[in-house]
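Written out below as structure tokens is the structure these notes cover.
Here, each number is a calculation from the coordinates, and none is a lab measurement. In this text, all values refer to a predicted model and were calculated from it rather than measured experimentally. Cβ: placed from backbone, ideal geometry, glycine included. Neighbour counts: every protein chain shown.
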Amino acid sequence: MSEYPFSPETDVPADTTRRKSHPVRNVLLGFLALVLVAALAAGGYLWHLARTFDSSTDTIANALPETRPEKGTAAGDSQNILLMGSDTRDPASGDARSDTMMLVHIPGDRSGVYVMSIMRDTWVEIPGHGEHKINAAMALGGVSLTVDTVQTLFDVPIDHVAIIDFEGFQGLTDALGGVTLNNDIAFQSEGGHGEYFAAGPITVEGESALKYVRERYAFADGDYQRVKNQQAFLSGVISGVLNTETLTDPVKVSNIVGEISPYLSVDEDLDAAAAGALAVSLRNVRSGDVHMFTLPNAGVGTSSDGQSIVVPDETAIAEIGAALDADDLAGYLRSAAPQS
């Protein structure tokens with residue numbers, strides 16, 4: 001028996017002091033242990049996603065031209081990303097071409113995302129090569145010249161560029177379990193294995209998604225409707241990615257990154273860290289905050305050398321350039337109400 005029937009420090013019986021449990025302390029320690037385990041698991045998960053992205057994507061050397069327009073003070077932390085769709089895995093190959101071109105503007109306050117489609121036959125000045133259809137820039141000078149052409153068109157800098165091989169749409173839709181979109185016009189895709197797409201809400205997956213975004217011959221207005229279909233598809237993808245069911249499912253997120261990364265080519269600065277930081281900054285954006293439109297044009301015409309072209313709307317181009325420079329594309333859309 002102890003010499004002291006009470007603990008001198010607490011005036012509590014000594015035996016009781018040795019046997020007393022600490023429920024509050026133990027709960028806190030248990031909670032901290034769980035948080036630590038969760039943090040380690042999340043860290044491992046994020047490391048896995050980053051490793052998958054960096055190891056699977058292709059890096060385009062010298063994708064961004066050394067010379068670029070100065071970024072206006074009002075543009076702040078906004079970003080302009082040139083997104084292109086290609087029929088080839090290697091954007092540096094001689095037969096590379098980009099039939100899909102979208103300029104993605106992310107405002108400095110990260111309140112939304114603005115996606116502007118540029119018609120592939122738009123007649124523009126390609127630096128060092130004179131006037132051509134904008135999609136000729138890739139063949140004439142690769143990714144860097146394409147970026148330079150878009151920068152010159154709007155007189156604003158491009159911060160990043162990403163190219164996706166159309167084949168990647170198949171794996172992406174599979175990872176999402178299909179993409180639901182609103183199809184404007186019913187059509188039958190061309191070719192020996194054509195497919196019928198009904199008007200209204202439809203779900204596309206795998207090869208069907210690829211047929212949907214590439215078809216243009218089935219429409220009287222060709223590329224005009226194809227651009228609308230690509231916007232509808234992208235809108236469906238964004239809705240699928242940003243919904244709670246996807247964002248809270250680590251397996252699905254991992255599958256999406258794993259499926260799309262092998263078909264992505266990005267500039268040297270757009271690694272997993274940069275992409276992750278951008279994603280975090282857009283964490284509050286939902287599908288309703290994504291705004292899509294097409295660069296206005298003056299209709300179809302003929303170039304001096306006899307090509308069928310999309311005639312640029314110079315006034316709209318100047319206004320959009322000014323809006324990008326002022327980080328106020330929302331204001332432009334409110335006032336101009338361009339074609340969608």
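Just need the Rg to Rh number for region 57-336, please, alpha carbons only, Kirkwood Rh.
Working: Rg = 18.2 Å, Rh = 19.4 Å.
Using only Cα positions, Rg/Rh for region 57-336 is 0.94.
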* Using only the Cα atoms of region 76-233, build the gyration tensor, take square roots of its eigenvalues as a ≥ b ≥ c, and label the shape rounded, prolate or oblate: rounded if a/c is under 1.5, else prolate if a/b is larger than b/c, else oblate. => prolate
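If we count every other residue with Cβ under 14 angstrom of residue 66's Cβ, Lys/Arg +1 and Asp/Glu -1, where does the sum land? Could the numbers behind the result be given before it?
Values: positive: 68; negative: 70, 148, 267, 268, 269.
Taking every Cβ under 14 Å from that of residue 66, the sum is -4.
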* Could you list which residues have their amide H under 5 Å from that of residue 99, counting only those 5 or more apart in sequence or on another chain, with H placed in the peptide plane? => 85, 87
* Asked: Using modelled amide H (1.01 Å from N, peptide plane; none on Pro or chain starts), what sits under 5 Å from the amide H of residue 59, excluding residues fewer than 5 places away?
  -> 266
* Asked: Roughly how big is region 57-336's charge dipole about its Cα centre, with Cβ charges of +1 (Lys, Arg) and -1 (Asp, Glu), in debye to the nearest 20?
  -> 580
* Quickly rank 201-213, 276-288 as a protection proxy: mean count of other C-beta atoms within 10 Å, highest first. => 201-213, 276-288
* Structure fact -> When 114, 224, 196 are ranked with the fewest other C-beta atoms within 10 Å first, the list becomes 196, 224, 114
* **Phi-based couplings in Hz for region 306-311 (Karplus 6.51, -1.76, 1.60; Gly and Pro marked x)** => x, 7, 7, 9, 9, 6
* **Separation between Cα centres of region 279-293 and region 137-201, rounded to whole Å** => 19
* In sequence order, calculated HN-Hα J values of region 62-76 (Karplus, 6.51, -1.76, 1.60; Hz; x Gly/Pro) -> 6, 5, 9, x, 5, 9, 8, x, 6, 7, x, 4, 5, 5, x
* Asked: Ordered by residue, what ³J(HN,Hα) values in Hz, to whole numbers, does region 243-256 give under the Karplus form 6.51 cos²θ - 1.76 cosθ + 1.60, where θ = phi - 60° and Gly and Pro are x?
  -> 6, 4, 4, 6, 5, 9, 10, x, 5, 5, 4, 4, 5, 4
* To do: For residue 135, list long-range residues whose amide hydrogen, built 1.01 Å from N in the peptide plane, is under 5 Å from its own amide hydrogen.
  => 122
